[in-house]
Structures are given as C-alpha cells and as structure tokens.
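**Student:** My questions will all concern the structure given below.
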Amino acid sequence: MTGTDAASAARDLFLRVTGAEPSGHWSAPGRVNLIGEHTDYNDGFVLPFAIPHRTHVQLGTRADGRIRVVSTFDEVPVEVPLADLAALFPDDRESVPEWSRYPLGVAWALLHAAGRDADVTGVDIAIASDVPVGAGLSSSAAIESATAIALNDTWDLGLDRVALARVGRTAENEAVGAPTGIMDQMASMLGEADATIFLDCRSLDANVVELGFASAGLELLVMDTRVAHAHSTGGYRERRASCELGAEIMGVAALRDLTVGDLAAAAEKMDDVTFRRVRHVVTENQRVLDTVQTLRNSGPRAIGELLVASHASMRDDFEISVPELDTAVDAALAAGAIGARMTGGGFGGAAIALVERAQAAEVTASVTRAFADAGYGAPHIFAVTPSPGATRA
Ligand code: ADP
Ligand code: MG
C-alpha cells in the first residue's frame with residue numbers, strides 16, 4: 001500500500017463503519033534505527049529516523065462518551081465507554097483483541113498523562129497503515145503516535161511531542177504488555193526530512209542531526225528478511241535481565257554509566273555471557289556518539305565502519321542476529337555497500353545498508369541472489385528516505 005492508499009483505506013473504513021465522513025486525519029511514521037541497538041533500556045543513546053511508511057488515523061467525534069476503534073487489520077470494531085478504560089488497563093486487557101490495546105491503550109494513557117477523567121468527547125477511529133508489521137520498522141510506534149497526536153488534538157489536551165511519545169510507551173508497556181523502550185515513539189513523533197534523532201534515553205534530550213543522504217547521493221536500503229522474530233519476546237527479556245545484572249554487578253544505575261575504559265574491570269567481575277552483553281551495550285553507546293560526530297564532521301559516507309562494527313557486536317557479543325540477517329549484511333557489503341547492519345530488536349526482522357544511489361540496484365540483486373543460494377525465502381528490499389514525524393494530515 002502506498003501512503004495515499006493507506007490514507008484513503010482508513011477513510012473508506014471510517015465511512016463503512018460509521019456511515020459518516022471523518023472530521024480529521026492524522027498520521028505517524030514507522031522508523032529505522034541507524035545505530036544504537038538495545039541501548040535504549042540501558043539509559044543510553046540511539047539514532048533512529050522516521051521512514052516514509054505511515055499509519056493513518058481518520059477520526060470523528062461522537063456524543064455518547066464511547067471510543068470505537070477499527071483497523072484494516074481487523075474490521076471488527078472494538079467499542080468501549082471512555083469511562084471504562086481505567087478498569088480495562090492493565091488488569092482486564094485480555095477482554096479486548098490484542099491489536100485494539102494499542103489505540104485504546106493510548107487513549108487510556110493519554111487521559112492519565114493529561115490528568116483528565118473521561119470528561120472528553122467520544123470518538124470513532126479508523127486505522128490503516130503501510131508500515132510493514134513485525135519487520136522491525138515499528139508499526140507499533142506508528143499506530144501509537146498516530147492515535148496519540150489525533151486524540152491530543154481532538155481533546156485539546158496540549159501535551160507536547162515528548163509527552164506524547166511517553167504516552168505511546170506507557171500504552172505499549174502497560175496496556176499491551178510489551179517491555180519496550182521509548183526510542184520508537186520518539187522517532188515517530190520527532191522525525192524530520194533527511195535527518196536523524198540523536199536521543200539520550202535517560203534525559204530524553206533529543207537533537208536533530210542532519211544525515212545529508214540526499215545531497216551525498218546516498219540511499220538507505222531496508223532488507224527485510226521476512227524472518228518473524230520468533231524468539232523476540234523471550235530473547236528480549238533475557239537480554240534486558242543480563243544488562244540489569246551487569247549494571248548491578250558494576251554498581252551503576254544503568255549500563256549507560258559505564259565507558260569503554262570500564263570494560264577490563266567488568267571482565268573480571270562477571271561471567272562471560274553477561275560480560276559480552278555488557279560489552280555490546282557499552283561499545284554500542286560509544287558508536288552512537290561516534291556516528292553523530294562523524295556525521296557532523298565528515299558526512300554520511302564516513303559512517304560505514306561504525307555500522308559494520310555495530311553488526312559484529314550484535315552478532316557476536318549480544319547474539320541477537322540470525323543467519324538471514326548476517327547473509328543480508330555480508331552480501332550487501334560484498335556488493336559495495338558503504339555500511340550495513342541488522343536493525344531493530346533482532347532474532348529476525350530487517351537489516352539496513354547504506355549505499356551509493358547508483359549501486360542500489362546491484363546491492364539489491366546481490367542480496368536477493370545470496371538468499372536464493374542459501375535456500376532462504378526471498379527478502380523484501382526497499383529504499384527509505386528519512387521523513388517527517390507525526391502530523392495532522
Ligand atoms: P513492529 O516491529 O512492527 O512494531 P510489534 O510486534 O511491536 O512489531 O507491533 C505489531 C503489532 O502492532 C501488530 O501485531 C498489531 O497488534 C499492532 N498494529 C500495528 N499496526 C497496526 C494497524 N495498522 N492496525 C492494527 N494493529 C496494528
Ligand atoms: Mg514494535
């Protein structure tokens with residue numbers, strides 16, 4: 001689906017379900033993380049950018065204090081009184097379909113963050129998206145951010161973008177029950193064209209850093225392996241637990257508080273697996289800082305080695321890659337990519353490759369060939385242009 005298709009699919013769905021025209025249209029993007037993986041929940045640094053793929057929300061108000069959500073994913077509408085949201089989340093969430101916990105959870109978290117009871121107008125919300133689901137491009141943040149900005153405007157709550165990103169995370173953590181950091185929502189809320197968001201996940205300080213891909217003639221390819229993140233939930237929890245253990249052993253609040261210079265001491269104090277998890281996070285934080293400096297001082301062509309080192313660290317130390325991701329990265333580099341790495345939580349999903357625009361077709365063909373040679377299903381490879389964040393359309 002293209003962006004226009006998703007916008008009109010949401011509108012058509014709204015019409016079908018309510019019999020009326022929507023009164024407003026909002027959208028928010030998915031994201032790609034350029035570098036900084038599994039650093040967010042360690043209070044560290046990340047460098048994501050918003051992508052052109054977006055989730056669209058068409059909204060209309062209603063007078064009966066109820067919220068009804070419907071998505072092209074599941075055309076059976078889910079409807080609850082706004083006054084019941086406080087009882088629904090988190091304890092009774094099983095009583096509504098999983099997908100609906102994202103938009104309903106946002107409504108719940110938003111009212112709470114704004115210090116409001118259910119004294120706001122009822123709403124109908126129809127959702128459609130062209131963000132691929134489960135490919136590591138954060139369709140979850142896209143649906144949360146699109147719903148959050150739509151309801152913040154409609155209810156005139158006046159929350160700023162960072163507050164709305166927090167609302168999205170609260171919805172995902174508590175209403176859906178997925179223990180994720182805040183990177184995805186911040187990227188979706190704050191993204192800008194041809195720029196990346198340098199985010200300090202401790203302070204939530206966010207700085208826009210120019211990427212300059214367009215003027216340098218570079219393209220960023222997403223190579224979706226189409227391997228579902230089979231172990232993602234269990235593996236993610238395990239990695240988080242290792243990071244917490246490592247921080248505890250080192251006597252710091254979070255791994256963010258360690259530097260590369262502390263690693264020799266860390267190696268003495270913990271088992272090998274925990275140490276390698278710690279080493280990934282500590283070196284990855286440094287790589288994010290180095291990437292920002294390199295972008296500012298030398299431009300995007302100079303960040304290739306940092307991307308490659310990041311992949312090696314995730315593959316060898318954090319052990320969250322899979323053979324398909326390694327194949328995509330290796331084949332892209334062999335075909336001349338400037339840099340490549342897996343992106344997202346790991347155990348499947350997508351890798352990225354930074355390439356000269358003129359080489360994009362060749363890299364795509366090489367990676368596709370490498371997958372066929374290895375007997376893997378065909379990857380889905382496409383370019384993403386760093387794009388603006390959530391907005392009223
Ligand atoms: P991703 O990497 O795409 O963020 P997640 O598992 O975090 O993967 O989130 C995907 C889930 O978000 C879907 O299974 C669904 O429940 C919900 N979701 C995302 N987009 C939509 C949508 N357009 N309509 C309904 N639910 C959606
Ligand atoms: Mg997600």
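**Student:** What part of the accessible area of the chain, given as a whole %, is carbon or sulfur when the probe is 1.4 angstrom?
**Tutor:** Values: 7200 of 14880 Å².
With neighbouring chains kept in place, the figure for the chain is 48 percent.
**Student:** On to the next question. Lys and Arg at +1, Asp and Glu at -1: add these up for the other residues within a Cβ distance under 12 Å of P379 and post the number. Working shown, then result.
**Tutor:** Values: positive: R226, R369; negative: D224, E324.
Charge balance near P379 sits at 0.
**Student:** A further question on this structure: With the contact rule set at Cα under 8 Å and sequence spacing of 6 or more, what percent relative contact order holds for the chain?
**Tutor:** Once divided by the residue count of the chain, the mean separation gives 23 percent.
**Student:** Does anyone have the angle between helix 101-113 and the longest principal axis of the chain? Alpha-carbon axes, 0 to 90°, nearest 10?
**Tutor:** Orientation of helix 101-113: about 80 degrees from the principal axis.
**Student:** Just to confirm the number: angle between the C-alpha axis of helix 139-154 and the first principal axis of the chain, 0 to 90 degrees, nearest 10?
**Tutor:** Its long axis makes an angle of about 40 degrees.
**Student:** Then there is this: Taking just the C-alpha trace of the range 168-240, give me its Rg and Dmax in Å.
**Tutor:** Reported Rg and Dmax, both Å: 15.5, 43.
**Student:** Taking 2.2 N^0.38 Å as the expected size of a compact globular protein, what ratio does the Cα radius of gyration of the range 62-132 give against it, to two decimals?
**Tutor:** Details: Rg = 12.0 Å, N = 71, 2.2 N^0.38 = 11.1 Å.
In units of the 2.2 N^0.38 Å rule of thumb, it is 1.08.
**Student:** Right, here's the next one. Just to be sure I understand the curve: with the Debye formula and one point per C-alpha of the chain, what is log10 I(q)/I(0) at q = 0.10 Å⁻¹?
**Tutor:** -0.64
**Student:** Turning to a different aspect of this structure: Across the range 211-226, in residue order, what do the Karplus-derived ³J(HN,Hα) couplings come to in whole Hz, using 6.51 cos²θ - 1.76 cosθ + 1.60 with θ = phi - 60° and x for Gly and Pro?
**Tutor:** Values, residue by residue: 8, x, 4, 4, 6, 7, x, 9, 10, 10, 9, 9, 10, 7, 6, 6 Hz.
**Student:** Now a separate question. Tell me, what is the Rg over Rh of the range 1-147, with Rh the Kirkwood radius over Cα pairs? Don't jump to the answer; show the numbers that get you there.
**Tutor:** Numbers: Rg = 15.8 Å, Rh = 16.0 Å.
A ratio of 0.99.
**Student:** Counting only heavy atoms of the protein chains, get the accessible area per residue of the range 3-208 (1.4 Å probe) and round it to a whole Å² value.
**Tutor:** Numbers: 6950 Å² over 206 residues.
The answer is 34 Å² per residue.
**Student:** To continue, here is another question. Could you rank E356, E362 by how accessible they are, 1.4 Å probe, largest area first?
**Tutor:** Most to least solvent-accessible, the answer reads E362, E356.
**Student:** Classify the range 77-184 from the C-alpha gyration tensor, please: rounded if a/c falls under 1.5, else prolate or oblate depending on whether a/b exceeds b/c. Intermediate results must be reported in sequence, preceding the final value.
**Tutor:** Working: a/c = 1.43, a/b = 1.21, b/c = 1.18.
Rounded, because the longest to shortest axis ratio a/c is under 1.5.
**Student:** Compute, for V46, the solvent-accessible surface of its heavy atoms (probe 1.4 Å) with the complete set of protein chains present, and express it in square angstrom to the nearest 10.
**Tutor:** Here the accessible area works out near 0 Å².
**Student:** What do the square roots of 5 times the Cα gyration tensor eigenvalues come to for the range 214-276, in whole Å, largest first, as semi-axes of the equivalent ellipsoid? If you can, show how the numbers build up before the last one.
**Tutor:** Values: eigenvalues 198, 80, 21 Å².
Over the Cα atoms of the range 214-276, the semi-axes work out to 31, 20, 10 Å.
**Student:** Now for a separate question. If you bin every alpha carbon distance in the range 211-384 into 5 Å steps from zero, what whole percent lands in each bin?
**Tutor:** Each 5 Å bin holds this share of Cα pairs: 1, 9, 16, 18, 17, 15, 12, 7, 4, 1.
**Student:** While we're on this one: At a probe radius of 1.4 Å, what is the per-residue accessible area of R287, in Å² to the nearest 10?
**Tutor:** Counting only protein heavy atoms, the figure is 30 Å².
**Student:** Could I ask something else about it? What are the residues whose amide H is under 5 Å from the amide H of V227, where those residues sit 5 or more places off or on another chain and H is modelled from the backbone?
**Tutor:** HN-HN under 5 Å from V227: G349.
**Student:** Semi-axes of the equivalent ellipsoid for the range 127-211, please: Cα gyration tensor eigenvalues, times 5, square-rooted, ordered largest first, whole Å.
**Tutor:** Numbers: eigenvalues 69, 53, 41 Å².
Semi-axes from the Cα gyration tensor: 19, 16, 14 Å.
**Student:** So how do D92, D117 rank on accessible area, 1.4 Å probe, biggest first, that is with the largest at the start? Mind dumping the intermediate values first?
**Tutor:** Numbers: D92 80, D117 120 Å².
In descending accessible area the options line up as D117, D92.
**Student:** By how many degrees, 0 to 90 and rounded to 10, does the Cα axis of helix 232-250 deviate from the longest principal axis of the chain?
**Tutor:** 60
**Student:** Ignoring ligands and nucleic acids, what accessible area does I303 show with a 1.4 Å probe (Å², nearest 10)?
**Tutor:** Probe radius 1.4 Å; accessible area of I303 about 0 Å².
**Student:** For the range 322-366 and the range 61-122, what is the separation of their C-alpha centers, rounded to whole Å?
**Tutor:** Comparing the Cα centres of the range 322-366 and the range 61-122, I get a distance of 40 Å.
**Student:** Could you compute the net charge surrounding A331? Neighbours are other residues with a C-beta less than 12 Å from the C-beta of A331; K and R count +1, D and E count -1.
**Tutor:** -4
The values are calculated or read from the model by the stated rules, or taken from the named source; none is laboratory data. Here the structure is a predicted model, which is why all the values come from computation and not from measurement. Note that each Cβ is placed from the backbone with ideal geometry, even for glycine, and that neighbours are counted across all protein chains shown. With ligands, DNA and RNA removed, areas are computed over all heavy atoms of the protein, side chains included. Shrake-Rupley method; radii C 1.70, N 1.55, O 1.52, S 1.80 Å.
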